[in-house]
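Here the structure comes first, spelled out in structure tokens, and everything after it is commentary.
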Amino acid sequence: MSGVLERTVTVIGGGVAGMSAACALAEAGLRVQLVERRGYLGGRASSYLHPGVNEVIDNCQHVLFGCCTNLAGFYRRIGVADQIHWTSDMTMIEPGGRRSVLGPSAFGPFGLPAPLHSLPRLLASHAFTFADKLALGRAFGALMRPVPSSSTENLGAWLRRNGQTEGAVNRFWKLVIASALNADIDSISLIYAAKVIRELFMNSAFAGSMGMSSVPLSQLYGGALEFLETRGSSVLLNTNVEAPAWDEETSQWTLPTRNGHLMSDFLVLALPYEATAKLLPNMPPDEGTEALAAQLERHEHWPICSVHLWFDREITDLDHAVLLDREIHWMYNKGRLQPWRKGNGSYLELVVSASKSFAALTREQAIEQAVKELAEFFPAVTTAKLEKAALIKEMRATFGVPPGIDASRPTSVSPWPNCFLAGDWTATGWPSTMESAARSGHLAAEAVCLSIGEPRKILDADLKPRGLMRWIG
Ligand SMILES: Cc1cc2nc3c(=O)[nH]c(=O)nc-3n(C[C@H](O)[C@H](O)[C@H](O)COP(=O)(O)OP(=O)(O)OC[C@H]3O[C@@H](n4cnc5c(N)ncnc54)[C@H](O)[C@@H]3O)c2cc1C
């Protein structure tokens with residue numbers, strides 16, 4: 001058998017899944033070609049120079065959490081982990097401006113043990129009535145243990161069955177949990193909702209802390225390009241792959257591209273589900289293809305919109321906030337999170353998750369509504385001058401996680417020889433996130449190493465639950 005160093009792998013798709021697979025395989029000693037259709041890496045988590053505002057902006061603010069161990073592992077591998085700004089506070093603001101801060105009451109050894117670490121601030125918050133707090137406490141208690149994998153219940157039905165108040169539903173379940181999973185509560189599997197609750201609010205204070213990049217996303221992921229090139233691997237941008245061909249005799253994949261034919265021993269398809277589906281008719285015939293096509297058909301997209309606003313002055317001293325009872329959900333103060341951005345004014349990004357109605361608005365309507373709502377939380381908006389604005393609608397932002405979706409999430413094993421699947425939608429147990437993408441990339445890289453006969457542990461371990469959570473579940 002030839003050694004690892006002589007083996008070549010082509011990874012198709014330069015999103016987080018493809019980059020994390022490619023970098024792990026290059027580190028394992030394989031020669032990797034990472035092929036990306038667009039002119040930059042990052043996929044659905046990327047930034048570019050927006051011609052309308054002449055600024056480099058992210059396609060949308062992307063946040064990660066302490067529990068995202070594979071994404072963190074990927075950042076460490078490519079040397080960009082120190083570009084992430086971490087915080088443990090989540091400020092909720094009511095229209096009118098009243099603030100409540102959720103999060104652990106103390107970081108470190110002197111706080112309450114998990115899962116009680118967030119309780120003091122929840123009890124003190126103005127955002128919830130006493131009845132809301134009781135309802136949330138009951139729900140958290142019930143979700144402390146993992147939901148059985150056989151559950152077919154959706155989150156909305158479970159909330160109704162478990163006596164959640166209107167305030168708890170609107171201000172917590174819909175705003176925090178449904179927007180993290182980017183779907184309506186009736187379209188979210190209880191299994192996934194419970195996972196988010198446990199990971200973000202129960203397992204440990206660090207697991208729920210939030211990370212945001214201090215540089216634009218494509219700059220962050222530029223670290224992957226450098227990592228690969230310094231290890232003798234290559235990145236081909238602006239290269240679309242349409243019809244990979246397998247040669248049984250030479251055991252090689254050939255990919256016709258506009259840059260000529262690419263050859264390799266292994267293939268990793270790290271594409272979104274709809275791009276994988278588009279490739280299927282051109283893949284070598286195999287009886288497993290039909291089953292995969294049926295799985296792909298069950299997936300559904302959900303949109304995310306972001307409104308980017310530049311004002312001539314400071315609007316708020318907060319880095320970020322959750323905005324209650326309105327269409328806009330999250331405010332990110334990009335000027336503060338990315339202080340290298342020049343200017344005396346401020347740059348805010350507002351994010352609207354899972355709203356098909358907001359996504360249907362025109363640019364003018366969406367910006368007008370966002371500014372109007374923002375003024376209800378930050379009065380400085382009413383006297384500030386809006387200097388420029390951009391709206392980004394991502395209609396295919398994430399895939400939904402309705403009950404039963406796991407049956408349609410394949411593992412990294414594909415129907416074709418020497419070919420493996422990755423992408424946030426594959427079987428990682430995580431919802432549509434960068435962590436799911438990084439996990440899928442690491443799992444696909446493990447599968448490649450295994451098939452060469454050089455098994456290797458690449459998947460980063462989950463964080464261990466702390467405090468009382470060590471004995472629960
Ligand atoms: C607006 C928005 C907000 C989000 N917010 C968050 C967040 O806050 N936190 C979080 O964790 N996640 C968030 N996500 C989800 C996250 O971005 C995705 O889950 C993750 O980036 C998916 O990575 P991926 O590599 O699986 O797929 P992708 O990022 O889609 O990468 C696939 C790549 O394949 C390329 N490609 C497609 N077809 C071909 C072809 N034929 N040949 C060559 N290349 C091809 C594409 O151009 C793309 O670069 C958000 C997504 C969006 C859109």
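The values are calculated or read from the model by the stated rules, or taken from the named source; none is laboratory data. Keep in mind it's a predicted model, so treat the numbers as computed, not measured. Methodologically, a virtual Cβ is constructed for each residue, glycine included, from the backbone with ideal geometry; neighbour enumeration extends over all protein chains shown.
Here residue 1 meets each of (1) at pLDDT 95 or above; (2) not in a strand (DSSP E or B) with one exception, condition (1).
Of all residues in the range 251-277, those that are farther than 22 Å from residue 43 by Cα have Cβ atoms under 6 Å from Cβ atoms of residues that are assigned to a loop (DSSP other than H, G, I, E, B), 6 or more apart or on another chain, in 253/244; 265/7.
Check the range 194-213 and report whether any residue there is in contact (Cβ under 8 Å) with a residue 60 or more places away in the chain, more than 20 Å from residue 68 (Cα to Cα) and buried (at least 22 other Cβ atoms within 10 Å of the Cβ). No, the range 194-213 contains no residue that is in contact (Cβ under 8 Å) with a residue 60 or more places away in the chain, more than 20 Å from residue 68 (Cα to Cα) and buried (at least 22 other Cβ atoms within 10 Å of the Cβ). Scanning the range 428-452 for residues that are outside any helix (DSSP H, G or I) and buried (at least 19 other Cβ atoms within 10 Å of the Cβ) yields 428, 430, 431, 432, 433. Does residue 17 satisfy the condition of being among the small types (Gly, Ala, Ser), more than 9 Å from the ligand (Cβ to nearest atom) and part of a helix (DSSP H, G or I)? No; evaluated as a whole, the condition is false for this residue. Could we say that residue 288 is without any contact (Cβ under 8 Å) to a residue 40 or more places away in the chain, among the small types (Gly, Ala, Ser) and surrounded by fewer than 21 Cβ atoms within 10 Å (Cβ to Cβ) here? For residue 288, the condition - without any contact (Cβ under 8 Å) to a residue 40 or more places away in the chain, among the small types (Gly, Ala, Ser) and surrounded by fewer than 21 Cβ atoms within 10 Å (Cβ to Cβ) - is not met. Within the range 308-327, the set of residues being aliphatic (A, V, I, L, M) and either under 26 Å from the mean Cα position of the chain (by Cα) or in a strand (DSSP E or B) (or both) comprises 309, 318, 321, 322, 323, 324.
Scan 391, 459, 421, 450 and give me the residue that is more than 16 Å from the ligand (Cβ to nearest atom) and hydrophobic (A, V, I, L, M, F, W, C). Matching residue, one of 391, 459, 421, 450: 450.
Of all the listed residues (464, 393, 388), the sole one being over 30 Å from residue 245 (Cα atoms) and crowded, with 17+ Cβ neighbours inside 10 Å is 393. Just to be sure before I move on: is residue 431 in contact with a Phe, Trp or Tyr (Cβ under 6 Å, 6 or more places away or on another chain) and over 20 Å from residue 11 (Cβ atoms) in the structure I sent? The answer is yes for residue 431. On the stretch given as the range 453-473, residues that are over 17 Å from residue 196 (Cβ atoms) and either in a loop (DSSP other than H, G, I, E, B) or at pLDDT 95 or above (or both) total 11. Restricting 31, 77, 7, 37 to residues that are charged (D, E, K, R), within 14 Å of the ligand (Cβ to nearest atom) and surrounded by fewer than 24 Cβ atoms within 10 Å (Cβ to Cβ) narrows the list to 37.
Going through the range 151-187 one residue at a time, which ones are closer than 23 Å to residue 436 by Cβ and not in a helix (DSSP H, G or I)? Selection gives 151, 152, 153, 154, 182, 183, 184. When residues in the range 40-56 are screened for being more than 12 Å from the ligand (Cβ to nearest atom) and aliphatic (A, V, I, L, M), 3 of them pass.
So is residue 168 among the small types (Gly, Ala, Ser), buried (at least 20 other Cβ atoms within 10 Å of the Cβ), touching a residue at least 60 places away in the same chain (Cβ under 8 Å) and away from the ligand (no atom under 16 Å from the Cβ) or not? No; evaluated as a whole, the condition is false for this residue.
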